[in-house]
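The structure appears below as structure tokens.
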Amino acid sequence: MPPEISRSETAVNDDSLRDMSEYVKRRYRSPQRAAAAAATRARIREAAAELFVERGFVATTMRDVAKRARVGERTLYDAFPSKTALFGHTLGVATVGDEQPVPVADRPEVRAARDEGDPAAAIAQYVEYLAALLDRAGDLIMVSVEAAGSDPDMRAAADAGATETHRLWLAFTEQLHARGALREGLTAVDAADILYALGSPHLHQLLRRHRGWSSRRYRTWLEGVLGAELLGRAAP
């Protein structure tokens, strides 16, 4: 015969079932809410990127972004408390290609290029990644460069980005130098300076946007000239 169950025990069991039900509902709704929030952020980023490139940083307002993204200003400010924060997020995601908090230097493609034993193949892999990055984020990077003269926060961000970029190239050229791959007389620092200049968003902007080069033409050219400048290989 089963033991007698008191009313208090029944109440506890009922409460437990309700708690479990609410837990399951929250678990069920959580992915939906996360997906909806991600979609809203993506819409905000798209609108912000378009406006920043079209009008520049100074002329773009948070109200403009909210209107184009079809969100309320309150929603926009809840997510991004300032225009600088919005720009930083938009540029950061464009730079790495997603919202994962993994910097460029730690991305799998960059690590693979850094570990590549063949110097020419390593340069080709770096160029492939860099070209894709600049196609995604180059216009926004140039917005930050142009705004640096009028906004101290943007200047600080642009300077930090430039320093980090040169540091990334120097880590690569130091490896090439350690392997004896750099052309005779070229130091790792000088090689990093060459990479920094030839792979800059400024030159990408000139060739891809102003001169209308295709992505393939840009990659082929950059790979060839870097091979010649860093390794002493004849450019194709």
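The values are calculated or read from the model by the stated rules, or taken from the named source; none is laboratory data. This structure is a prediction, so every number in the text was calculated from the model and none was measured. Ideal geometry is used to build each Cβ from the backbone, glycine not excepted, and the neighbour counts take in all protein chains shown.
Things to note:
- The requirement of being farther than 26 Å from Glu164 by Cα and outside the structural domain of Gly227 (by TED's automatic domain parsing) is not satisfied by Leu91.
- Among (1) over 23 Å from Leu198 (Cα atoms); (2) in a helix (DSSP H, G or I); (3) of a type outside the set (S, T, N, Q), the one test that Ala132 misses: (1)
- Some residue of segment 33-50 being hydroxyl-bearing (Ser, Thr, Tyr), modelled with pLDDT under 90 and in a helix (DSSP H, G or I): yes
For (1) over 20 Å from the mean Cα position of the chain (by Cα); (2) surrounded by 18 or more Cβ atoms within 10 Å (Cβ to Cβ), each residue gets a yes or a no:
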| position | (1), (2) |
| --- | --- |
| Ala121 | yes, no |
| Gln125 | no, yes |
| Ala157 | no, yes |
| Leu168 | no, yes |
| Gln205 | no, no |
| Ser214 | yes, no |
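- Cβ separations smaller than 8 Å between residues 6+ apart or across chains give the following pairs from segment 48-60 residues that are outside the structural domain of Arg136 (by TED's automatic domain parsing) to residues that are of a type in the set (Gly, Ala, Ser) and assigned to a loop (DSSP other than H, G, I, E, B): Val58/Ser150.
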